[in-house]
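Everything below concerns the one structure shown next.
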Amino acid sequence: SHFRGTQGTSIIGLFSGAAASTGVNEKTLQRLGDTDYEKIYLYPNSHAGYYPGAKYLAMKVIFRKSNGRLLGAQAVGEDGVDKRIDAFAMAIQMEATVYDLEESELCYAPQFGSAKSPVNFAGMVAAGILRGDMPLTHWLADSSAFLLDVRHPEELAIEHVPGAVNIPLDQLRARLDELPSDREIHIICRSGQRAYYATRILVQNGFDAHIISGGMLSHEVISPGETGAGSLS
């Protein structure tokens with residue numbers, strides 16, 4: 001028998017939910033001086049949103065910038081945390097890439113998951129970054145950047161970021177002349193979907209635009225004084 005090593009796969013019950021992780025975390029990579037990695041934050045539903053009882057999953061996935069190899073994953077939520085981390089854990093053992101994740105065939109019925117599983121979703125987002133379709137940045141990455149919020153004004157009454165300029169996504173194409181052409185533009189929405197659409201619009205119109213990973217949901221987990229590591233390490 002040969003011991004293949006360990007990757008630290010673990011889970012803990014947390015009141016009505018769970019927190020789990022597998023593989024290397026960002027703090028370890030930073031301690032090792034490893035810079036060949038990227039991270040994404042995403043917040044998929046635990047199962048199809050139209051089926052009763054769907055819950056948010058907060059996920060952080062880390063992968064190699066050079067070849068897309070999966071390095072680590074963390075998840076917190078009330079439903080489906082264990083099976084997603086189990087899938088990531090096996091992928092890490094098999095030296096899979098984010099391209100493998102986006103093509104993974106996983107069981108589906110609306111009460112158990114979504115047609116695009118959170119695991120597929122993570123692979124699609126990460127692969128889109130590596131292919132250059134989704135220029136990415138993170139909170140506090142560049143304080144000189146122009147911050148664009150593409151949510152609707154009523155959402156800003158609930159939560160907002162000081163200094164951000166609000167242009168709702170459905171008005172963006174008609175208001176491009178309000179944006180600077182000589183600065184990076186960092187784009188936010190609630191979770192990232194609308195910011196992705198906005199980033200695609202701006203990039204195709206010649207702007208240096210980047211989506212902020214995880215949007216306002218990831219902003220909520222960043223600890224004061226940190227540079228984007230947040231409560232998911």
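The values are calculated or read from the model by the stated rules, or taken from the named source; none is laboratory data. Since we're looking at a predicted model, the values are computed, not measured. With ideal geometry, Cβ positions are generated from the backbone for all residues, glycine too; neighbour counts draw on all protein chains shown. For accessibility, only protein heavy atoms count, side chains too; no ligands or nucleic acids. Shrake-Rupley method; radii C 1.70, N 1.55, O 1.52, S 1.80 Å.
What single numbered condition from (1) among the polar types (S, T, N, Q); (2) within 30 Å of LEU202 (Cα to Cα); (3) in a loop (DSSP other than H, G, I, E, B) fails to hold for ASN120?
(3)
Being surrounded by 15 or more Cβ atoms within 10 Å (Cβ to Cβ), in contact (Cβ under 8 Å) with a residue 24 or more places away in the chain and within 20 Å of the chain's Cα centre (by Cα): is that true of ASP149 here?
Criteria met by ASP149.
Only one residue in SER1, SER10 is without any contact (Cβ under 8 Å) to a residue 40 or more places away in the chain, over 24 Å from GLU103 (Cα atoms) and in contact with a helix residue (DSSP H, G or I) (Cβ under 9 Å, 6 or more places away or on another chain). Which one? First the steps, then the outcome.
On the way: SER1 fails: in contact with a helix residue (DSSP H, G or I) (Cβ under 9 Å, 6 or more places away or on another chain).
The match here is SER10.
Hey, could you check the stretch 58-71 for residues that are assigned to a strand (DSSP E or B) and in contact (Cβ under 8 Å) with a residue 60 or more places away in the chain and say which is most open to solvent (accessible area, probe 1.4 Å)?
Restricting attention to the stretch 58-71, the residues satisfying the condition of being assigned to a strand (DSSP E or B) are 58-63, 69-71.
Checking which are in contact (Cβ under 8 Å) with a residue 60 or more places away in the chain leaves us with 58-61, 63.
Working: ALA58: 26, MET59: 1, LYS60: 1, VAL61: 1, PHE63: 0 Å².
Here the residue is ALA58.
All but one of (1) of a type outside the set (A, V, I, L, M, F, W, C); (2) in contact with a helix residue (DSSP H, G or I) (Cβ under 6 Å, 6 or more places away or on another chain); (3) surrounded by fewer than 16 Cβ atoms within 10 Å (Cβ to Cβ) hold for GLU102; state the number of the condition that does not hold.
With (1) of a type outside the set (A, V, I, L, M, F, W, C); (2) in contact with a helix residue (DSSP H, G or I) (Cβ under 6 Å, 6 or more places away or on another chain); (3) surrounded by fewer than 16 Cβ atoms within 10 Å (Cβ to Cβ) applied to GLU102, the lone miss is (3).
Mind checking whether some residue in the stretch 66-80 is out of contact with any Asp or Glu (no Cβ under 9 Å at 6 or more places or on another chain), of a type in the set (Val, Ile, Thr) and modelled with pLDDT of 95 or more?
Yes, the stretch 66-80 contains at least one residue that is out of contact with any Asp or Glu (no Cβ under 9 Å at 6 or more places or on another chain), of a type in the set (Val, Ile, Thr) and modelled with pLDDT of 95 or more.
If you go through the stretch 75-85 one residue at a time, do you hit one that is touching a helix residue (DSSP H, G or I) at 6+ places or on another chain (Cβ under 8 Å), β-branched (Val, Ile, Thr), open to solvent by less than 70 Å² (accessible area, probe 1.4 Å) and assigned to a helix (DSSP H, G or I)? So that I can check it myself, show each step before the final result.
Kept after step one, since they are touching a helix residue (DSSP H, G or I) at 6+ places or on another chain (Cβ under 8 Å), are these residues of the stretch 75-85: 75, 80, 84.
Now drop any that are not β-branched (Val, Ile, Thr), which leaves none.
No, the stretch 75-85 contains no residue that is touching a helix residue (DSSP H, G or I) at 6+ places or on another chain (Cβ under 8 Å), β-branched (Val, Ile, Thr), open to solvent by less than 70 Å² (accessible area, probe 1.4 Å) and assigned to a helix (DSSP H, G or I).
Checking ALA109 against (1) under 18 Å from the mean Cα position of the chain (by Cα); (2) modelled with pLDDT of 95 or more; (3) in a loop (DSSP other than H, G, I, E, B); (4) not charged (D, E, K, R): exactly one of these is not met. Which one?
Of the numbered conditions (1) under 18 Å from the mean Cα position of the chain (by Cα); (2) modelled with pLDDT of 95 or more; (3) in a loop (DSSP other than H, G, I, E, B); (4) not charged (D, E, K, R), the odd one out for ALA109 is (1).
What residue, of GLY192, GLY123, is touching a residue at least 24 places away in the same chain (Cβ under 8 Å), open to solvent by less than 20 Å² (accessible area, probe 1.4 Å) and at positive phi?
GLY192
May I ask you to say which residue of PRO135, PRO110, PRO168 is within 19 Å of VAL203 (Cβ to Cβ), in contact (Cβ under 8 Å) with a residue 24 or more places away in the chain and surrounded by fewer than 21 Cβ atoms within 10 Å (Cβ to Cβ)?
PRO135
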